[in-house]
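The values are calculated or read from the model by the stated rules, or taken from the named source; none is laboratory data. The structure presented is a predicted model; accordingly, all values stated were derived computationally and were not measured. Counting neighbours? That spans all protein chains shown, and the Cβs are built from the backbone with ideal geometry, glycine included. Accessible surface is based on the protein model in full, side chains and every heavy atom, while ligands, DNA and RNA are left aside. Shrake-Rupley method; radii C 1.70, N 1.55, O 1.52, S 1.80 Å.
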Amino acid sequence: MLDYLLGLARGPRVLYVPTANMENPYSALDWHERLGASVLRFNPWPPADLRAVALDHDVILVGGGNTANMLAVWRVHRFDRVLREAWESGVVLAGWSAGMICWFEAGITDSFGPQLEGMRDGLGFLAGSGCPHYDGEERRRPVYRRLVAGGFPPGIALDDAAGAHYIGTELHAVVASTATAAGYRVTAAGEERLEPTRL
């Protein structure tokens, strides 16, 4: 999956953003060792040249954790605007869990407690909603389908070893790094399996 992601980028420079997991230093070290990634911290404050730091990278990789807290921190520092500029200038935006949900208008999250809730406060770069961990957490699928059936924005769900590749705002492909993972288009009428390209 990482090889596929890096193959989409215009260069090798990766910026890892661990806001959602409270900037865990171990995850930052892991991504530095794996990809040579730089790390963007907002605590105790972001770099003075936040925009320049982001735009100087080819991939911005967002980790998992608390989506709502992450978005709040980003907005306080106007990083949401920086991310849009980076995206529009050709920087590859990627991530998993919170780093998958954040790009959509809405998503299914455990940001507010162990129960899952719909959140309509994403960055809105992509229309509709996103749901990660579709096969990895037993409540994800039924909660997401129930919410969408009840009027929550329809969208895309991904198994843990699957990814969705968007070009601009259009879904280009679903990819997967295992033999069973897939993606799903979820609407009020139900779900449609999206067969992936196996990596």
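Let's see how each residue does on (1) open to solvent by 50 Å² or more (accessible area, probe 1.4 Å); (2) under 16 Å from the mean Cα position of the chain (by Cα):
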{"residue": "Phe125", "(1), (2)": "no, yes"}
{"residue": "Gly128", "(1), (2)": "no, yes"}
{"residue": "Tyr134", "(1), (2)": "no, yes"}
{"residue": "Tyr144", "(1), (2)": "no, no"}
{"residue": "Pro153", "(1), (2)": "no, no"}
{"residue": "Ser177", "(1), (2)": "yes, no"}
{"residue": "Gly183", "(1), (2)": "no, yes"}
{"residue": "Thr187", "(1), (2)": "yes, no"}
From the list Ser89, Ser27, Ser38, Ser97, pick out the single residue that is out of contact with any Lys or Arg (no Cβ under 9 Å at 6 or more places or on another chain), crowded, with 16+ Cβ neighbours inside 10 Å and without any contact (Cβ under 8 Å) to a residue 40 or more places away in the chain.
Ser27
Residue list for segment 165-182, filter: in contact with a strand residue (DSSP E or B) (Cβ under 8 Å, 6 or more places away or on another chain), part of a strand (DSSP E or B) and within 23 Å of Val91 (Cβ to Cβ)
His165, Tyr166, Leu171, His172, Ala173, Val174, Val175
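Is it the case that Ala157 is buried (at least 19 other Cβ atoms within 10 Å of the Cβ), outside any loop (DSSP other than H, G, I, E, B) and at pLDDT 95 or above?
Details: buried (at least 19 other Cβ atoms within 10 Å of the Cβ): yes; outside any loop (DSSP other than H, G, I, E, B): yes; at pLDDT 95 or above: yes.
Against the criterion (buried (at least 19 other Cβ atoms within 10 Å of the Cβ), outside any loop (DSSP other than H, G, I, E, B) and at pLDDT 95 or above), Ala157 qualifies.
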